[in-house]
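Take a look at the structure set out below.
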Amino acid sequence: MNAFLEINSKVKQALENRKPVIALESTIISHGMPYPENIQVAKNLEKIAEDAGVVPATICLMNGKIKIGLSDDELELLAGSKDVAKVSRRDFGRILASKKMGATTVAATMIAANLAGIKVFATGGIGGVHRGAEDSFDISADLQEFSQTPVIVVSAGAKAILDLPKTLEMLETYGVPVYGFQTDLFPAFYSAESNLQIDRIESEKEIADIYNANFKLGLNNGILVANPISKKYEIPFEEMDEHIKIALKRANSKGITGRKLTPFLLAEIVKITKGSSLETNIKLVENNVKLACRIAKSF
Ligand code: PSU
Ligand code: MN
């Protein structure tokens, strides 16, 4: 067991007894949603998993440890603090050594989940290739992580603020399998569909079988399961795209780049849509947690 890991007792027991466990990330709480909605969401996601008979393991960095599974107090601390670092692969050493609080992105949560032996992880939407990346080179470290860390990530595709065709191309380059759960089209986060074709799978068991086959081959890659939000709750792509363009212009004029860009865009879009993007974001994460639980159980 890695000396930096601190697995809480519920999660440890479940892993030892081969009971289903799912990982949850913390950047979505600290940087992806405003306080106090974020704490309600964090707690509710854990409850959804528990109700499904699955042990949730929210992951973050605290006191020089990688925490796998948080108490309510720890969740509150994470959600309520202003001074939380956004931790991707490159940031582990710095935040662990300084014993600061860090929220894990998709890439970092995959690394931590894999160290703990957790195979399935639910999030909102992964990072990807930003629009204008041909000039900025801004490509999320999430994508490359999938080429080297064998974790199944359930997400509503990639965030719609991104360049989705380039994101799919990059995933292909990295050898990352992307499967649409009961859909042929890549979901666009707030919207159930984009016009981009992906491979379709029908069942949870299929995903577990694919994971096992890849693993036995020694490929060591992650799998992206793209799970569309129900049409009932979606914001149609054309409508969302207008809002995104406004948010992108604001980021550009303020010179916001790098790790600050994604949180800035998400927060601006919440303002522009007067909160409706936040509601949609919450619904789609809940939907992903439910599917992740079913996949974890099918192992
Ligand atoms: N999905 C959400 N909200 C978020 C994120 C994903 O619904 O805040 C976070 C994830 O942690 C993801 C990160 O890994 O945004 C991507 O950031 P960047 O583009 O800087 O790599
Ligand atoms: Mn980036």
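Could you report the chain's accessible area per residue, 1.4 Å probe, as an integer in Å²?
45
Dipole of the stretch 153-299 (Lys/Arg Cβ +1, Asp/Glu Cβ -1, origin at the Cα centre): which of Val154, Gly258, Ile246 lies farthest to the positive side?
So the residue we want is Gly258.
When N is the residue count of the stretch 38-167, what does its C-alpha Rg come to as a fraction of 2.2 N^0.38 Å? Could you put the intermediate results ahead of the total?
On the way: Rg = 15.1 Å, N = 130, 2.2 N^0.38 = 14.0 Å.
Dividing the Cα radius of gyration by 2.2 N^0.38 Å gives 1.08.
For the stretch 184-293, just list the percent of Cα-Cα distances falling in each 5 Å bin from zero outward, please.
Final binned percentages: 2, 11, 16, 18, 18, 14, 10, 7, 4, 1.
With the convex hull built on the Cα atoms of the chain, state its orientation-averaged projected area in nm². Walk me through the numbers on the way to the answer.
Working: hull surface 56.8 nm².
Result: a mean projected hull area of 14.2 nm².
Near the amide H of Gln148, under 5 Å away, which other amide H atoms are found, from residues 5 or more places off or on another chain, if H is placed in the peptide plane?
Those lying under 5 Å, H to H, from Gln148 are Gly222.
Taking θ as phi - 60°, what are the ³J(HN,Hα) couplings along the stretch 266-278 by the Karplus curve (6.51, -1.76, 1.60), each to the nearest whole Hz, with x for Gly and Pro?
4, 5, 5, 5, 4, 5, 4, 8, 6, x, 6, 5, 5
Tell me, what % of the accessible area of the chain is carbon and sulfur with a 1.4 angstrom probe? Spell out each step's value before the answer.
Working: 6760 of 13400 Å².
The computed percentage sits at 50.
When the Debye formula is applied to the Cα atoms of the stretch 109-163, each taken as the same point scatterer, what base-10 log of I(q)/I(0) results at q = 0.23, 0.31 Å⁻¹?
-0.88, -1.22
Can you list the aspartates and glutamates whose alpha carbon is less than 13 Å from that of Lys271, not counting same-chain residues fewer than 8 positions off?
Glu279
Sticking with the crude label model, points 7 Å out along Cα→Cβ, report the distance from Ile256 to Asn17 in nm, one decimal please.
Using points 7 Å along Cα→Cβ, the separation is 4.5 nm.
Output ³J(HN,Hα) for the stretch 186-196: one whole-Hz value per residue in order, computed from phi by the Karplus curve 6.51 cos²θ - 1.76 cosθ + 1.60 with θ = phi - 60°, and x for Gly and Pro.
Calculated HN-Hα couplings, in order: 5, x, 10, 6, 5, 10, 5, 9, 10, 9, 9 Hz.
Cβ neighbours within 10 Å, averaged per peptide: list 212-224, 10-22, 183-195 in order, most packed at the top. Mind dumping the intermediate values first?
Working: 212-224: 15.2, 10-22: 17.9, 183-195: 21.7.
Descending mean neighbour count gives 183-195, 10-22, 212-224.
For a protection proxy built on the mean count of beta-carbon atoms within 10 angstrom, sort 108-119, 51-62, 248-259 highest first, please.
Working: 108-119: 24.3, 51-62: 22.6, 248-259: 13.0.
Descending mean neighbour count gives 108-119, 51-62, 248-259.
Take the alpha carbon atoms of the stretch 56-131, find their radius of gyration, then divide it by 2.2 N^0.38 Å using N residues; give the quotient.
Details: Rg = 12.2 Å, N = 76, 2.2 N^0.38 = 11.4 Å.
Computed over Cα atoms of the stretch 56-131, the ratio equals 1.07.
How long is the gain from Lys274 to Asn63 if the chain were fully straight, where each residue apart is worth 0.36 nm and the alpha carbon distance is subtracted? Mind showing how you got there, number by number?
Numbers: separation 211, 0.36 × 211 = 75.96 nm, distance 3.65 nm.
Result: 72.3 nm gained on full extension.
Restricting to Cα atoms and excluding each atom paired with itself, what does the Kirkwood estimate give for the stretch 135-249 in Å? Before the final figure, lay out the partial values.
On the way: mean 1/r = 0.0676 Å⁻¹.
Roughly 14.8 Å, rounded to one decimal.
Please give the charge dipole size of the stretch 169-227, origin at the Cα centre, charges +1 on K and R Cβ atoms and -1 on D and E Cβ atoms. Round to the nearest 20 debye. Intermediate values should be presented prior to the final figure.
On the way: 3 positive and 9 negative charges, 41 e Å.
Approximately 200 debye in magnitude.
Using Cα positions and a limit of under 15 Å, work out the aspartates and glutamates in reach of Lys119, with same-chain residues fewer than 8 apart set aside.
Straight-line reach from Lys119, under 15 Å: Glu16, Glu25, Glu145, Glu204, Glu206, Asp209.
In nm, to one decimal, how far is the modelled label at Gln182 from the one at Glu239, with both set 7 Å along Cα→Cβ?
Output for this residue pair reads 2.3 nm.
Ranked highest first by average number of other Cβ atoms within 10 Å, how do 127-138, 144-155 line up? Could the numbers behind the result be given before it?
On the way: 127-138: 16.8, 144-155: 22.3.
Result, highest mean first: 144-155, 127-138.
Which FRET efficiency value, to the nearest 0.05, do you get for Ser71 and Ala213 by plugging their Cβ-Cβ distance into 1/(1 + (r/R0)^6) with R0 = 41 Å?
Values: r = 37 Å, r/R0 = 0.91.
Efficiency computed from Cβ-Cβ geometry: 0.65.
Once the piece of chain linking Asn220 and Phe4 is laid out straight, how much longer is it, given 0.36 nm per residue of separation minus the C-alpha distance between them? Kindly include the intermediate steps, with their values, before the conclusion.
Details: separation 216, 0.36 × 216 = 77.76 nm, distance 2.21 nm.
Here the segment from Asn220 to Phe4 would lengthen by 75.5 nm.
If each DSSP helix of 4+ residues adds -39,500 (n - 2.57) and the sum is divided by the residues in the chain, what number results at 222 nm, nearest 500 deg cm²/dmol?
-14000 deg cm²/dmol, from helical runs alone.
The values are calculated or read from the model by the stated rules, or taken from the named source; none is laboratory data. Quick caveat, the model's predicted, so the values are computed rather than measured. No Cβ is skipped: glycine too gets one built from the backbone with ideal geometry, and neighbour counts run over all protein chains shown. Calculation scope for accessible area: heavy atoms of the full protein, side chains included, ligands and nucleic acids excluded. Shrake-Rupley method; radii C 1.70, N 1.55, O 1.52, S 1.80 Å.
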